[in-house]
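A short worksheet on the structure shown next.
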Amino acid sequence: MKKSNYIYIYPNDFTSLITLLGELAKSKILPLNIQDKNYIPGLFDKVIELDLSPLNTPAIISHIDKNILNTLFYLYLSNHEYKELIMYYFFLYSLKFKDKVFFHRDINIVDKALKIVKYVQNENHKLKGFTRFKELKRHILYAEITCENNIIFLLSNHFKKRLKNEFWIIKDVKRNILSIYDKKDFYLVDANNCNLKEIILSEEEQEIEDLWKSFYKTIGIKERQNDRCRLNFMPKKYWKYILEVSDEI
């Protein structure tokens, strides 16, 4: 393998990144860094953008074990600053060890990659339970989330099965992305391109929210309140969109 002083740029999508990883591995290049097209180069940065033919992608993916490909995808969804570089080195080790790469936690980059994947999976799991929908007019369900990792695709896949007979919208507030489901499939779109400026609850939803808040306060026993236990099960960063505790922030 030969070290390179270049930062390699790829279009901001997973398949293009996988194609780039395959091309770099084929050319036996160890890049200085890998960044998406939104990267702003420094004064002395040397950047290069390869011509990534989409025709090469299926061939590269077909040679990657399913579990390894899933791991690369979870890494791609993470918010880690050097996720692309970690993906590349994990990919190189997977070429060497095949599916046994998961047992090589003694290798620093493998261990780091699997910890990042676990972090993404944990956040996705928590938001499956903490995502709260409200009913808007025209019987559309709407929820907002603020997540560290870009997990709206994973979350949408879950609710596509969980709420398959409903129209719903999930908004990733941090990234300003909407996931819109039409009872068949969901579509990820830039919120700036959608006319969703005002969220108007249905009359029934407003009544239910008022009743739920009243019920939650009524059944609470002040003497038995355990804030530490509650925070362990429901971290405060999720409270903003949880109706019964949003007033306590």
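What follows is calculated from the coordinates using simple rules that are stated; it is not laboratory data. All figures in this text were calculated on a predicted structure; none of them were measured in a lab. Cβ placement follows ideal geometry from the backbone for every residue including glycine, while neighbour counts extend to all protein chains displayed.
A few comments on the model shown:
- In range of the label at residue 95: residues from region 6-34 whose backbone nitrogen is under 13 Å from the point 7 Å along Cα→Cβ: 19-31
- Loop GluC sites (Glu not before Pro), region 85-159 (other Cβ atoms within 10 Å of the site Cβ: 13 or fewer; DSSP): 148
- For 162, 175, the sequence from fewest to most other C-beta atoms within 10 Å is 162, 175.
- Each Lys and Arg contributes +1 and each Asp and Glu -1, all at the Cβ; summed about the Cα centre of region 154-221, the dipole is approximately 480 debye.
- Of the GluC sites (Glu not before Pro) found in region 170-249, those in coil by DSSP whose Cβ has at most 11 other Cβ atoms within 10 Å are 198.
- Charges were assigned to the Cβ only: +1 to each Lys and Arg, -1 to each Asp and Glu. The resulting dipole of the chain about its Cα centre is roughly 900 debye.
- Charge dipole of region 66-187 about the Cα centre (unit charges at C-beta), most positive-ward option of 150, 70, 127: 127
- Note on residue 53 and residue 234: the model spin-label points, each 7 Å out from Cα along the C-beta direction, lie 5.5 nm apart.
- Averaging the Cα positions of each part gives two centres, and for region 58-75 and region 215-235 these lie 43 Å apart.
- DSSP beta bridges confined to the chain are antiparallel in about 50 percent of cases.
- Computed from the alpha carbon atoms alone, the convex hull of region 131-248 holds 126 Å³ per residue.
- Distance between the modelled labels on residue 119 and residue 163, one decimal in nanometres: 2.9 nm (7 Å Cα→Cβ projection).
- Look at the dipole of region 2-122 built from charges on Cβ: of 85, 101, 31, the Cα furthest out on the positive end belongs to 101.
- For the pair residue 39 and residue 213 in one chain, pulling the backbone fully straight at 0.36 nm per residue adds 58.2 nm over the alpha carbon distance.
- Compactness check for region 2-122: Cα Rg over 2.2 N^0.38 Å is 1.02.
- The number of Lys pairs in region 2-122 with C-alpha atoms less than 15 Å apart, excluding pairs fewer than 8 positions apart on the same chain, is 14.
- Loop trypsin sites (Lys or Arg not before Pro), region 1-109, which have at most 13 other Cβ atoms in a 10 Å radius of their Cβ (DSSP): 28, 37, 46, 105
- Acute angle (nearest 10 degrees) that the helix 83-97 long axis makes with the longest principal axis of the chain, alpha-carbon atoms: 60 degrees
- For the chain, the Kirkwood hydrodynamic radius from C-alpha pairs, put into Stokes-Einstein at 10 °C and a viscosity of 1.306 mPa s, yields a diffusion coefficient of 76 µm² per second.
- Entry note, the chain: relative contact order of 13 percent, from Cα contacts under 8 Å with a spacing of 6+ residues.
- Label separation (residue 2 vs residue 223): 7.8 nm, computed from points 7 Å beyond Cα along the C-beta direction.
- Efficiency of FRET from Cβ geometry, residue 62 and residue 106, R₀ 41 Å, rounded to 0.05: 0.90
- Relative intensity, log₁₀ I(q)/I(0), of region 179-249 from a Debye sum that treats every alpha carbon as a point, q = 0.15 Å⁻¹: -0.79
- Helix-only CD estimate at 222 nm, as mean residue ellipticity for the chain, using -39500 (n - 2.57) per DSSP H run (n ≥ 4): -13000 deg cm²/dmol
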